[in-house]
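Read-outs: derived from the displayed coordinates by stated rules, not from any lab. Being a predicted model, the structure only gives us computed values, none of them experimental. FYI the Cβ positions are ideal-geometry reconstructions off the backbone, even for glycines, and counts take in every protein chain you see.
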Amino acid sequence: MTLAVLNYSDQGPKSTFSTYMAEGDQLYHKGEYVKAIESYSTALILQPDDKNCLVARSKCYVKMGDSDNALRDAEASLKEDKEFFKGLYQKAEALYTMGDFEFALVFYHRGHKLRPELQEFRLGIQKAQEAIDNSVGSPSSVKLENKGDLSFFHKADEVKKGRPKGLIHPLRREMRQQNKKTPKSEKTAKQLLGELYSDKEYLEKLLKDEDLVKGKMRGGERLQDLILNCITYLDTRTEFWRQQKPIYARERDRKLMQQKWNKTRQNPPSDPTRFVLKSLEEIDAALTAGNAESSLKKAREVLKSVQCWSEEVVPNKKEVLGNLHSCIGNALIDLGKMDRALDNHQKDLDLARQCKLPEAKSRALDNVGRVYARIGKFPQAIDAWEEKIPLASGGLERTWLFHEIGRCYLELKRHTEARDYGVRSLAVADEIADEKWQLNACVLVAQSESKDIAASKIAPKSTIYRIIKNFKESGSIVVKKASGRPRKSSKHQDRLLKLIQLRDRGTTSTELAQEWQQAGVSASARTVRRRLLDMMAWCQEGQQRSHFSPGKTSGVD
């Protein structure tokens, strides 16, 4: 439908009322409120008292921020029928936009009483009540007392009595218009407009460009008028938001939320120990499941809560804080934030030293060394791990620890120290009969030996062969029976050496497997054979690096 918006002749508009109404509705839905107002105004020339047309034009004024004209049209639609629910709703909307939330609430209630099935009135009541609470606070938070000097109110009553009744609303509107014209402080405008404040500044700069504002849009509208309309709209919105939720109300809400948060943090649960243990389990579970961010968030929340509690509530407060710093550090390692992870693990170490907790100190030194190794600071990692040696409990932890220290020395090209720690790792692995760490230690020693040989330009036929042969002669290699008990068998050791010789001559893996099966070795020993072959290739390349963690070692898995 394409019509001239205002098509007058000497006799008046040429089109019918319904045509102009339909055109206005179409323009309203397109967001062209100025043109829609023109269409509705033309329709009102034909039928000046049409209630629906007045309400439609009032809606356009509300969208444009012209609350006064919106209220005027809404009141005009109620002139003949005081219970016209569309007029009641539109009057409430206009009052709400003007900031008269109490009067808006009155008309929302009137409309809801007439048409309780309409959701618009229920939503209007809700938002008006929220706006009132935001402005003045809820009734429960306000305490009025008849104390102090009340002469000010008596004088106000006298002035009110002497004022003509007909001037109340015009004066109120005049004051409102003056308030709109009063410039707000930059700080207040920034707080109310938020991201839109930069847009307002940009529009004001455009307005200063004299050449630009003289231009016109394709539709013939001047750029200056468009920019001014935008600035006026932002000013109107600023005034509305200021009334809806003033700055003091925002500050009050922020302080109340802070007090509520502090109260929650300062009041521990009924069973703090159970709360801490459950929280630590949840933190560990999230980290194990690979959700490092969730684990980190939970650990930080619990840390803030525990920090506010007294030692009477949590007797081992420092130990709990150390645990939480350790959890935070581990989550940060998974997220790749090594510097912050190191800081948290160092705090864990400091607390462990203060409280003289050997287990906590061992854990913290372990993690500190791990972070240093990850970021390539091998001397610091060695210092941390060597301090941990007396605290290491259990053979598995000790063989891993010796292995990782040896790997650090290997990275520093200190091959003698690397080989010594490899031998120590192998000795502990032999004590606990752990095949995996026996092979890992063999890899470390072989790599150390191969580096020395490469440095001296000696190239034996098989470096790993010589290393295994030395271990055979010293009785260090342990092969398991099918029953699972370890034994030192010269038969299996000879078979192991034979396999290495065959491999050096280019024998295929299938042929090696057949040789091993003919010896009647158990499945566990076949796994050792496969790992050993991988170890040989690794040692010959000499280019693999360690992950420096007990679960991800430099040896074969």
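With q set to 0.16 Å⁻¹, the log10 of I(q)/I(0) for the stretch 8-134, from the Debye formula over equal scatterers at the Cα positions, is -0.77. Output the pairs from Lys361/Lys413; Lys298/Lys388; Lys35/Lys216; Lys86/Lys200 with a Cα-Cα distance over 25 Å in this structure; if there are none, say none. From the list (Lys361/Lys413; Lys298/Lys388; Lys35/Lys216; Lys86/Lys200), the Cα-Cα distance tops 25 Å for Lys361/Lys413; Lys298/Lys388; Lys86/Lys200.
A straight line joining the Cα centroids of the stretch 358-401 and the stretch 284-349 runs 19 Å. If you take all other residues with their beta carbon under 15 Å from the beta carbon of Leu223, and give Lys and Arg +1 and Asp and Glu -1, the sum is 0.
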